[in-house]
1. Tell me, what is the per residue accessible area of region 76-206 in Å², probe radius 1.4 Å?
2. On the protein heavy atoms, probe 1.4 angstrom, tell me the percent of accessible surface of the chain carried by carbon and sulfur.
3. Provide, for the chain, the number of lysine pairs with alpha carbons under 24 Å apart, each pair being eight or more places apart or on different chains.
4. Would you mind computing Rg(Cα) / (2.2 N^0.38 Å) for region 131-184, counting N as its residues?
5. Whole number please: convex hull volume per residue of the Cα set in the chain, in Å³?
6. Through the Karplus equation 6.51 cos²θ - 1.76 cosθ + 1.60, θ set to phi - 60°, convert the phi angles of region 33-46 into ³J(HN,Hα) values in whole Hz; use x for Gly and Pro.
7. Kirkwood hydrodynamic radius, region 112-206, all distinct C-alpha pairs: what's the number in Å?
8. Which ³J(HN,Hα) values in Hz, rounded to whole numbers, follow from the phi angles of region 96-106 under the Karplus curve 6.51 cos²θ - 1.76 cosθ + 1.60, where θ = phi - 60° and Gly and Pro get x?
Amino acid sequence: MAYDPGEYKPRVGLDSLWIAEVTADELGNYVAGTPEYLAPAAEASQASTVNSETIYADDQAYETFSTKGETVINLSVTNIPLALLAKLTGQLYDTATGMFYEHGGVPPYFALMFRSMKSNGAYRYYLFPKVKFDIPDEEAATKGETPEPKMLALVVHAIKTTCKFVLPTSVEDGLQRVVGDEDITAFDGTGWFDAVQVPAVAEVSY
């Protein structure tokens, strides 16, 4: 298979951080709301949790088994409005007083989307269809001679959907991440942030 030279270009940018609340994720049904802008993004890192076990036979490694767990996404953003932070983390926001109340609520699931520009100007697009946000750590420092602006650090946990989708070569499975690259002729990023981009839902069979 031939690859476009642009696919090898390094990533040099990050923008367009969007979310959409997931209101249903079950066999035969996945529903996410209309995407909304999250915050100006400075950094995004992705780290997968993979558990491996190797069995030995005939005095050598015979076979290795691997299981993929969650993907932890660390985001650095400028800040988040308190009402949106309450929505992300399952806390409460009082519109009458403008106050955020942290009380130990249950955060809902969201789809998370962003894109990264490459050195040739093309974008690589990312979608995590099922994530939860931790309540973020915050820093503040007294103002000195040199400004030290503090960013907001968001820790996001991405897991595989319960809903199974129809994937290439007739595979039916849940999704943990979707990636598209503008240097691939078949891919079109137009409308990526208009709706959560998932394939057709697989029919439920018992």
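The values are calculated or read from the model by the stated rules, or taken from the named source; none is laboratory data. Bear in mind that the values here come from a model prediction, so they are computed numbers and not experimental data. Please note that ligands, DNA and RNA were not included when accessible areas were found on the heavy atoms of the full protein model with its side chains. Shrake-Rupley method; radii C 1.70, N 1.55, O 1.52, S 1.80 Å.
1. Solvent-accessible surface per residue comes out at 58 Å².
2. 51 percent
3. 14
4. Ratio of Rg to 2.2 N^0.38 Å for region 131-184: 1.98.
5. Dividing the Cα hull volume of the chain by its residue count gives 230 Å³.
6. Values, residue by residue: x, 5, x, 9, 5, 8, 5, x, 9, 10, 8, 8, 10, 10 Hz.
7. About 16.5 Å, per the Kirkwood formula over Cα pairs.
8. 6, 10, x, 9, 9, 10, 8, 9, x, x, 9
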